[in-house]
Amino acid sequence: QVQLVESGGGLVQAGGSLRLSCAASGRTFSNYAMGWFRQAPGKEREFLATIDWSNGNTYAADSVKGRFTISRDNAKNTVYLQMNSLKPEDTAVYYCAADSRRRTWPLQGFGFWGQGTQVTVSS
């Protein structure tokens, strides 16, 4: 059973940075894709970035490209989301997701989700 545990959220001032972590367990992830999403109150869930675990290829949404970076640490089975130049509109619950890498990657769905971590950016 795949388990994903996010950490690293918190309160930060606008312009600051945070690094979110997603510890993955329950299987080997060499043929998996991992993703980061967020959901703000009253809004739909938004895709942020994804990484192909096998080769480290990444893809980020235009809305965060240049500010957010996804990466992985194979030894720690952990995926990260480095967030820079944070804005109040980045306030949301951030979720880590995982699933087998599809041929359609980076455009694919994810079946395994973490519990989320709150990020609040103050102005």
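The values are calculated or read from the model by the stated rules, or taken from the named source; none is laboratory data. Note that this is a predicted model, so its numbers are computed, not measured. Cβ: placed from backbone, ideal geometry, glycine included. Neighbour counts: every protein chain shown. Surface accessibility is based on the protein's heavy atoms, side chains included, excluding ligands, DNA and RNA. Shrake-Rupley method; radii C 1.70, N 1.55, O 1.52, S 1.80 Å.
Using a cut-off of under 17 Å, list every residue of segment 1-22 whose amide N is near the label point 7 Å from the Cα of residue 73 along the Cα-to-beta-carbon line.
Answer for segment 1-22: 4-9, 18-22.
If segment 1-121 were replaced by its equivalent ellipsoid, with semi-axes equal to the square roots of 5 times the Cα gyration tensor eigenvalues, what would those be, largest first, whole Å?
Ellipsoid half-lengths, sorted descending, are 22, 14, 13 Å.
If you roll a 1.4 Å probe over segment 71-123 with all protein chains in place, what percent of the accessible area is carbon or sulfur?
Using a 1.4 Å probe with all protein chains present, segment 71-123 comes out at 47 percent carbon and sulfur.
Taking amide H positions as placed in the peptide plane 1.01 Å from N, state which residues far from residue 72 in sequence (5 or more) or on other chains have amide H under 5 Å from it.
Counting only residues 5 or more places away or on other chains, the set is 80.
May I ask you to list the lysines whose Cα is less than 25 Å away from that of residue 87, ignoring any residue fewer than eight positions away on the same chain?
Output for residue 87: 43, 65.
Using the per-residue mean of other Cβ atoms lying within 10 Å as a proxy for protection, in what order, highest first, do the peptides 107-116, 30-39, 83-92 fall?
Packing proxy ranking, top to bottom: 30-39, 83-92, 107-116.
Determine the gain in length on full extension of the stretch residue 2-residue 23; use 0.36 nm per residue of separation and subtract their C-alpha separation, reporting nm with one decimal.
6.5 nm
Contact order normalised by length for the chain, with contacts defined as Cα pairs under 8 Å and 6 or more residues apart; what percent is it?
35
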